[in-house]
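The block underneath contains the structure these notes are about, expressed in structure tokens.
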Number of protein chains: 4
Amino acid sequence: MAKIKVGVAGYGTIGQRLADGVAMQGDMELVGIADLAPTLAIQALRENDMIGANGVKYDLYLVGGANEADFAAHDIPVAGTFEDLCKKVDVMLDSSPGGVGAKNKELYEKLGVKAIFQGGEKNSVADVFFHGYANYEKGLGADYLKLTSCNTTGLIRTVDCLDRAFGVERVAITIIRRVADPGDYHRGLTNALQMDKAPSHQAVDLMTIMPHVEATGILVHTPVTHGHIITVLVSAKDGKKITKEAALEAFQAHPRIRVVTIDEGFKGNASLFKYARDLGNRRGDMYEIGLWADSIVETGNDIMFAINIPQESVTIPETIDGIRATMKMQLTREEGTAETNKYLKIGRFKK
Amino acid sequence: MAKIKVGVAGYGTIGQRLADGVAMQGDMELVGIADLAPTLAIQALRENDMIGANGVKYDLYLVGGANEADFAAHDIPVAGTFEDLCKKVDVMLDSSPGGVGAKNKELYEKLGVKAIFQGGEKNSVADVFFHGYANYEKGLGADYLKLTSCNTTGLIRTVDCLDRAFGVERVAITIIRRVADPGDYHRGLTNALQMDKAPSHQAVDLMTIMPHVEATGILVHTPVTHGHIITVLVSAKDGKKITKEAALEAFQAHPRIRVVTIDEGFKGNASLFKYARDLGNRRGDMYEIGLWADSIVETGNDIMFAINIPQESVTIPETIDGIRATMKMQLTREEGTAETNKYLKIGRFKK
Amino acid sequence: MAKIKVGVAGYGTIGQRLADGVAMQGDMELVGIADLAPTLAIQALRENDMIGANGVKYDLYLVGGANEADFAAHDIPVAGTFEDLCKKVDVMLDSSPGGVGAKNKELYEKLGVKAIFQGGEKNSVADVFFHGYANYEKGLGADYLKLTSCNTTGLIRTVDCLDRAFGVERVAITIIRRVADPGDYHRGLTNALQMDKAPSHQAVDLMTIMPHVEATGILVHTPVTHGHIITVLVSAKDGKKITKEAALEAFQAHPRIRVVTIDEGFKGNASLFKYARDLGNRRGDMYEIGLWADSIVETGNDIMFAINIPQESVTIPETIDGIRATMKMQLTREEGTAETNKYLKIGRFKK
Amino acid sequence: MAKIKVGVAGYGTIGQRLADGVAMQGDMELVGIADLAPTLAIQALRENDMIGANGVKYDLYLVGGANEADFAAHDIPVAGTFEDLCKKVDVMLDSSPGGVGAKNKELYEKLGVKAIFQGGEKNSVADVFFHGYANYEKGLGADYLKLTSCNTTGLIRTVDCLDRAFGVERVAITIIRRVADPGDYHRGLTNALQMDKAPSHQAVDLMTIMPHVEATGILVHTPVTHGHIITVLVSAKDGKKITKEAALEAFQAHPRIRVVTIDEGFKGNASLFKYARDLGNRRGDMYEIGLWADSIVETGNDIMFAINIPQESVTIPETIDGIRATMKMQLTREEGTAETNKYLKIGRFKK
């Protein structure tokens, strides 16, 4: 069977990882990446002779406004224009800066190319606001998907997991947000916690994906770079009780949730980042969210727990799921996510 | 009427502020402070000719094991021994390092001196686990009180406030904890969030003070020094609804809760610290907790909100309340806390 | 003798402290402060019934573009316009945002008011680039002075001190810069050190104030808020040797240099901030720089040492010196700085 | 030719990277690693079926005191005891916790195994205090080497580089030290800079390796995790001038110095960490130090510049050099370092 042809627009923090994720899929071909300037990310690719993940060559295409001479000055080979790339692909993963994706969509529509947008775009850019585990089937055959943002993606993994096991009615979250990514110099916070107005958009987004759930929450920015932590309070439907044991069993069965404990050494978000580096994972990334078994507490009939969101890489699997849905590569959530997991080696740590 | 005579054992972060708080009470006399070594805190006092808050002279007494020569080397005058101090006071505020208070208690018992311990001691050291607003009357005439810790003290102000207004049944908290005080070099965290095992002791302590409430929570340490932030989810008794407006009205009427908004510039914990400095408050301290009006959200019939805990100074008013209770200076919660507030100038910012 | 009348334009981090500094001078009168909006700093003043340092009332004047209704909404009394204020003063301390001072100067010139600008303005705004200890006499009677910035002010204290004792030829500095002030949310850095292009402007500024010295240096931003640390390598003229003992003696005799050691507990910049708070200094400020005796090392004939710069308050004394110079209140550096020190209680800690 | 057989004692931050470095050498065989407990690092290896860098299987041996049952509980295969490992190797890389290496040495001596210790051990543990570029020949055939620590290793690369080009007489450094590694929870610093007593041990160590150079320096700890920054002031012999251009040319020719600029996006230590991740380097590591071209300034005849030290991985190449020297695999510094560089792919980025 012919491989699905995929392009990536925007080779930033997310775009690099989307390209890597596609390069690892046995049933997909990474046709190329597109960007505007010879950023350090592209210079790093050049230093590797344009070879990315899995030994795959990443051909570079230039978006409108790019200056070819700048790339030539860095001896970076260019394969063509963004339009050239679009013409060669079945689906484009658009991780351009917020708002640019909406403009790119005009070209996608003109050329009849499907596209999957990241969380920075408005919901209206897409036909379906998508999450691989929560609403895979809604994305089947759709032309334009938008992925949930990093926190929402990880959060929904757990809420959807409990929902399928017990039926969820209400969710209240506190997001302890990392304020910048490692290497960010354009944003930062120094010795301060910063409030956002409530409710947080992640709670609102969760309700869009899972309309039968009522969700609210408060977000506080913290001066760290390795992974958000979210505390989640979940109430089941009809006042049904969720026990700690039952919740833990459900979480442990989920391929994209890595259940950890403080005792074994996972003391916080930085432990998970270190562990991903020790695993030798490319870029020190982790696709799974962490969930602390020793954070789970019961309150009345409800359950409360804490999760870790590796913000740079967590949306990659669900975006790959999106390709599978939009291209109808697999027709069910179970089959689609299983294929993604297989190629990304997700879930192999499960006992 | 004769002033109540008070001593302070341990002149550290809390002890300095307890001494200042007592020095500001018109109906109390700070007889002296006691410590072990000529710490920087005591050297600072010496640089001010032993004059502390409100122009009051702080006489220094030495606890057992102290080396007088060390104090002489710094030209620090000594007024006597810890036992000398104990003999002169009606009540001792014990802010010694954790565990030392329990030992000191033997002396207090021998001399018939009342004492109020801070959060570092075990509950068993005291007859009453005390909070000025939640259980003032329990402390009336008691010989030994133990104060709630900083987070619990601030948290209970809000829960007790809602409880008196609406009746509270259940509380779920997420504590975003500052990991060190400004100037701490013996503990710290760098670019990491750190998990504690759940439930947090603050939730457990709340239940000890307010046994009719069920509480649980998760605590995450963050690398900042200015003020904890706690998100609080409160459920009223019998499924009664608490509206945002009603909650806000109750909070605004509480003298020790400072309702603020992000829009006016209170962006986080560091804004409140800066504001306290701009007020010219001694040591840049604040006695009130902050509560963000724009963090309050309703969920079902419940209410969720975020508060700021100024960890260095928040327990001072409730400890002063404790003196009033244990000495029966005022016989009701309303009168006792009102006197404390008057002398500490708490609540004058209320419109 | 009539007091010198002083106004302060811009009531931000520096302006608040300038106002406090003037309010503490027995031979000066703080006529008023001017600002644009009811900031938190002004709301804090309002909460204190407009009473600032030393029991002095701070009258508020509005700069052009201010909306009186905004002030009325916060119940903040207004005394008049910025021009009203200018007409009443002998000298204006201009701590407006960078660039605004240059515009204000037109008004100062029109009204014949002297002015002292802070480091954010271009050197060309002033007749003299001023430092109280290094070139007081240059400022005598001048109409417009510009103060050195915080790092340069503190650095020059030490270099001028050594220059007068030994004759300095060359200085090489490394500035370990705090990236934000406590409470800043508009700038920050998270888990990163950030390079500036060399040479740092502070080295260049030093050469402007002390033209017989060759200076260079490198600046690195660090994610902390309490005080810059600078390492300074000083070479004497003609290859003359500076011993550690001689340097230490010179530093200890300087009123605005606080010689400290790691052993006594001054472990870093945060220790000095804590000590200032423990002193009960208003806003937790310190006018002296810290200098670590145990950082001083000899290398060849040169000397190397480390200092701490309390960035919020360090320029206040030298600005007050500037008033004395520009108004010819005292005609020599020794007399001028001594008066400033007396009223600010600087140097009383010296044995 | 038979491969040199190498073992690694201690599979922590350094030990993991030593094992990886050996696994990448075409002329060496990683016989195994040894450790005490099933740490997260070893659990990560287990999750990868004990496969490490370059597809090499890492056999695990247990040091004395290890509990086999603990490893069995994690399903971690064990190949034998530490003594078994020692008997199979030509040289042991000892990255045990400080002090343990000295004890291990008794076994090495008994079995006639050569060993290379890391910076945590005392100098007396070894015959030669070693640096691949500065004194390779001293290590030839020696039984016991001790590597310079991370800062000293990177620093000496630059000083040795200038020394060979111009002759160096004197060095003065300021070390802006990262206080913890990513994932460290046992040490940290929060919103504080921390002083060490001068002179720093790195300056002293430099003089041990390069006895003809006089060195001193000051070290300041900063709350970051990605790479130390050192400013270096170098004076040539006999007052000879070093120009910026000549220094830059020398640095650019050095395989283990990566010359970067702020303008191209290398804004600080975090940029270099990010770049290493973007390169896809295992664990996000970098073997080269960074040197900012736009930090280089001349002062008199001297030169000053800033470098970045990737603390987790910088000593790996020089340790591999040490194997080559102690085993006489290559007899000159040029040949030895060139082989190491070839297998670690160091220097390929040079134009």
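What follows draws every value from the coordinates through simple rules; no lab data is involved. What you see is a predicted model; the values in this text were computed from it and never measured. All Cβ positions, even for glycine, are placed from backbone atoms using ideal geometry, and neighbour counts span all protein chains on display.
Does A:P223 satisfy being in contact (Cβ under 8 Å) with a residue 24 or more places away in the chain, within 21 Å of the chain's Cα centre (by Cα), within 14 Å of chain D (Cβ to nearest Cβ) and within 30 Å of B:D294 (Cα to Cα)? No. Once segment B:330-346 is narrowed to residues that are hydrophobic (A, V, I, L, M, F, W, C) and buried (at least 19 other Cβ atoms within 10 Å of the Cβ), the residue that is nearest to B:L155 (Cα to Cα) is B:I346. Checked against (1) in a strand (DSSP E or B); (2) within 14 Å of chain C (Cβ to nearest Cβ); (3) out of contact with any helix residue (DSSP H, G or I) (no Cβ under 6 Å at 6 or more places or on another chain), B:I42 meets all criteria but (1). If you go through segment A:240-253 and keep only what is within 14 Å of chain B (Cβ to nearest Cβ) and either part of a helix (DSSP H, G or I) or free of Cβ contacts under 8 Å to residues at least 40 places away in the same chain (or both), you end up with A:K244, A:A247, A:L248. For segment D:254-273, taking the residues that are in a helix (DSSP H, G or I) and either facing another protein chain (nearest Cβ under 7 Å) or hydroxyl-bearing (S, T, Y) (or both), the one that is surrounded by the fewest Cβ atoms within 10 Å (Cβ to Cβ) is identified as D:F273. Condition check for A:L248 on (1) buried (at least 21 other Cβ atoms within 10 Å of the Cβ); (2) of a type in the set (A, V, I, L, M); (3) over 17 Å from D:G284 (Cα atoms): one failure, at (1).
Here B:A198 clears all of (1) in contact (Cβ under 8 Å) with a residue 24 or more places away in the chain; (2) within 11 Å of another protein chain (Cβ to nearest Cβ) except the condition numbered (1). Exactly one residue out of D:A325, D:A276, D:A306 is outside any loop (DSSP other than H, G, I, E, B), surrounded by 21 or more Cβ atoms within 10 Å (Cβ to Cβ) and in contact with a Ser or Thr (Cβ under 7 Å, 6 or more places away or on another chain): that is D:A306. Within segment B:94-141, restricting attention to residues that are in a strand (DSSP E or B) and among the charged types (D, E, K, R), which residue is farthest from B:T326 (Cα to Cα)? Across segment B:94-141, the extreme among qualifying residues is B:D94. Would you check if there is a residue in segment A:237-245 being more than 13 Å from B:L193 (Cβ to Cβ) and surrounded by 21 or more Cβ atoms within 10 Å (Cβ to Cβ)? Yes, segment A:237-245 has at least one match. For segment D:286-302, check the following and say yes or no: at least one residue is assigned to a helix (DSSP H, G or I), farther than 22 Å from D:A134 by Cα and either of a type in the set (S, T, Y) or in contact with a helix residue (DSSP H, G or I) (Cβ under 7 Å, 6 or more places away or on another chain) (or both). Yes, segment D:286-302 contains a residue that is assigned to a helix (DSSP H, G or I), farther than 22 Å from D:A134 by Cα and either of a type in the set (S, T, Y) or in contact with a helix residue (DSSP H, G or I) (Cβ under 7 Å, 6 or more places away or on another chain) (or both). Comparison of C:G300, C:G290, C:G265, C:G284 shows that the only residue that is small (G, A, S) and under 19 Å from B:H226 (Cα atoms) is C:G284. Within segment B:129-172, being among the aliphatic types (A, V, I, L, M), surrounded by 24 or more Cβ atoms within 10 Å (Cβ to Cβ) and more than 30 Å from A:A306 (Cβ to Cβ) holds for one residue alone: B:L145. Scanning segment C:221-238 for residues that are among the hydrophobic types (A, V, I, L, M, F, W, C) and touching a helix residue (DSSP H, G or I) at 6+ places or on another chain (Cβ under 9 Å) gives C:V224, C:I229, C:I230, C:V232, C:V234, C:A236.
Give segment B:62-93 a look and list any residue that's within 26 Å of the chain's Cα centre (by Cα) and either in a helix (DSSP H, G or I) or in contact (Cβ under 8 Å) with a residue 40 or more places away in the chain (or both), or say none. Selection gives B:V63, B:F82, B:E83, B:L85, B:C86, B:K87, B:K88, B:V89, B:D90, B:V91, B:M92, B:L93. The residue that is surrounded by the fewest Cβ atoms within 10 Å (Cβ to Cβ), counting only those in segment C:7-28 that are among the hydrophobic types (A, V, I, L, M, F, W, C) and out of contact with any strand residue (DSSP E or B) (no Cβ under 7 Å at 6 or more places or on another chain), is C:M24. Residues A:A192, A:A198: which one is of a type in the set (G, A, S), assigned to a loop (DSSP other than H, G, I, E, B) and under 26 Å from B:N191 (Cβ atoms)? Exactly one residue qualifies, and that residue is A:A192. Within 30 Å of B:R282 (Cα to Cα), more than 14 Å from every other protein chain (Cβ to nearest Cβ) and touching a residue at least 24 places away in the same chain (Cβ under 8 Å): is that true of C:I323 in this structure? Yes: the conditions hold for C:I323.
Give me the residue from segment D:169-187 that is small (G, A, S) and within 14 Å of chain A (Cβ to nearest Cβ) and, out of that set, farthest from D:G217 (Cα to Cα). Among residues in segment D:169-187 that are small (G, A, S) and within 14 Å of chain A (Cβ to nearest Cβ), the one farthest from D:G217 (Cα to Cα) is D:G183. Scanning segment B:178-207 for residues that are buried (at least 24 other Cβ atoms within 10 Å of the Cβ), closer than 22 Å to A:S271 by Cβ and under 19 Å from the mean Cα position of the chain (by Cα) returns B:R178, B:S200. Please verify whether D:P211 is more than 8 Å from every other protein chain (Cβ to nearest Cβ) and outside any strand (DSSP E or B), treating the condition exactly as stated. In short, yes. There is at least one residue in segment B:227-239 that is more than 21 Å from B:T299 (Cβ to Cβ), touching a Pro at 6+ places or on another chain (Cβ under 9 Å) and within 14 Å of chain A (Cβ to nearest Cβ). The residue that is nearest to C:A53 (Cα to Cα), among those in segment B:274-308 that are more than 14 Å from chain C (Cβ to nearest Cβ) and among the polar types (S, T, N, Q), is B:S295. Scan segment A:100-124 for residues that are buried (at least 20 other Cβ atoms within 10 Å of the Cβ), out of contact with any Leu (no Cβ under 6 Å at 6 or more places or on another chain) and aliphatic (A, V, I, L, M) and the total you get is 2.
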